[in-house]
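So the structure is just underneath, and the comments pick up after that.
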Amino acid sequence: MLAPLIAVPLAAALSAGLIVRLRPLLVRYALARPNARSSHTEPTPQGGGIAVVAATLAVTGLLLAAPDAGRDVLVLGLGAVVLALVGAVDDIRPLPASLRLVLQALVVAALVASVDGRLVPALPLAVERALAVLAGIWFVNLVNFMDGLDWMTVAETVPVTGALILLGGSGALPPAAILVAAALLGAMLGFAPFNRPVAKLFLGDVGSLPLGLILAWLLYRLALAGGLAAAILLPLYYLADATLTLIRRAARREPVWQAHRSHFYQRATTNGIAVTGVVGRVLALNACLAALAGATLFWPSPAITLGALAVGCGLVGSVLARFARAPAKHGVTTS
């Protein structure tokens, strides 16, 4: 039980240290230049995810006891490395969307196949695994889609991993998953000072893709342990923003695989809400969703579960509506 407590500061220090050493190289070789879809106005280095992923995997490997290292943990580490390499190449020279999707599908399929347990025993195993793979691919991509604003991924990952550590301490997660969550929490805290508005460094695809894989695995393990409602509630804002935006763009026959500025959090900045106001609302919302997720596990009953899901949907809906609302005066809304 001491390992997660050690993992958080250790991963934070390692992540921050790697960023300091790598930043000159990223400035030279991995500048993200602003365009019509960007939320930044100055060329900013990307690739900070290298440090986040490296710190997460290194600290997990260092502190993980051999009996806790299941096959899925090893596959997770290898899959995260593969997606980080794919993201690194894509950050420097964009890859075709079809190639990225195929590589993501192979990684997610391998990870799902390595996990023991059933989520819906009434379904044939092949159908359940296929649905899990589709959900995993979507989650990997939605984390990438949502990483478009300073501190946005920090505001999502920190409360989710923090909640997973606390819930895991009550038996909702195996020790290996708790350690992974703690290492990821620490790594993101080490990255946060460099990404605070106005950001001096971005995660890049090298970080957002493996980050999505790790979070998807953690939530999948939580769902398999009987916490399906909690696994839905924790990332509910990301799920809602990305999914509704995809549906809206598809209905307009827009190319959904291309970058854009129509996510709710992006519309919020267009409508005049400051970046800190947007991520502050998301952080507060995620804290509320974490509390609701905890309620479904600590007081497991249909009434509590349905009530928590209803309240969570209402909270997320109110934030999305606020982000999408046009400014009332002179095109400016204060935060």
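If I filter segment 63-78 for residues that are part of a helix (DSSP H, G or I), within 19 Å of Ser15 (Cβ to Cβ) and open to solvent by 30 Å² or more (accessible area, probe 1.4 Å), do I get at least one hit?
yes
Taking the criterion of being closer than 28 Å to Leu57 by Cβ, in contact with a Lys or Arg (Cβ under 9 Å, 6 or more places away or on another chain) and either at pLDDT 90 or above or open to solvent by less than 10 Å² (accessible area, probe 1.4 Å) (or both), would at least one residue in segment 228-247 satisfy it?
Yes, some residue in segment 228-247 is closer than 28 Å to Leu57 by Cβ, in contact with a Lys or Arg (Cβ under 9 Å, 6 or more places away or on another chain) and either at pLDDT 90 or above or open to solvent by less than 10 Å² (accessible area, probe 1.4 Å) (or both).
Restricting to segment 104-114, name every residue that is among the aliphatic types (A, V, I, L, M) and within 19 Å of Val143 (Cβ to Cβ).
Passing the criteria: Ala105, Leu106, Val107, Val108, Ala109, Ala110, Leu111, Val112.
Could you figure out which of (1) modelled with pLDDT under 95; (2) polar (S, T, N, Q); (3) under 30 Å from Pro174 (Cα atoms) isn't true of Thr56?
(1)
To keep it simple, each residue is scored yes or no on (1) touching a strand residue (DSSP E or B) at 6+ places or on another chain (Cβ under 7 Å); (2) without any contact (Cβ under 8 Å) to a residue 12 or more places away in the chain; (3) more than 23 Å from Gly136 (Cα to Cα); (4) open to solvent by 10 Å² or more (accessible area, probe 1.4 Å).
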{"position": "Ala54", "(1), (2), (3), (4)": "no, no, no, yes"}
{"position": "Ala84", "(1), (2), (3), (4)": "no, no, no, yes"}
{"position": "Asp90", "(1), (2), (3), (4)": "no, no, no, yes"}
{"position": "Arg93", "(1), (2), (3), (4)": "no, yes, yes, yes"}
{"position": "Leu99", "(1), (2), (3), (4)": "no, yes, no, yes"}
{"position": "Val102", "(1), (2), (3), (4)": "no, yes, no, yes"}
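Can you pull out the residues in segment 120-159 that are among the charged types (D, E, K, R) and open to solvent by less than 20 Å² (accessible area, probe 1.4 Å)?
Of everything in segment 120-159, those that are among the charged types (D, E, K, R) and open to solvent by less than 20 Å² (accessible area, probe 1.4 Å) turn out to be Glu128, Glu156.
Check whether at least one residue in segment 316-335 is modelled with pLDDT of 95 or more and within 26 Å of Leu119 (Cα to Cα), and report yes or no.
yes
Could you identify the single residue in Gly169, Gly162 that is at pLDDT 95 or above and either open to solvent by less than 50 Å² (accessible area, probe 1.4 Å) or not hydroxyl-bearing (Ser, Thr, Tyr) (or both)?
Gly162
The values are calculated or read from the model by the stated rules, or taken from the named source; none is laboratory data. Please read these numbers as outputs of a predicted model, since none were measured by experiment. Reconstructed Cβ throughout: ideal geometry from the backbone, glycine too, with neighbour counts over all protein chains shown. In case anyone asks, the SASA skips ligands and DNA or RNA and just uses the protein heavy atoms, side chains included. Shrake-Rupley method; radii C 1.70, N 1.55, O 1.52, S 1.80 Å.
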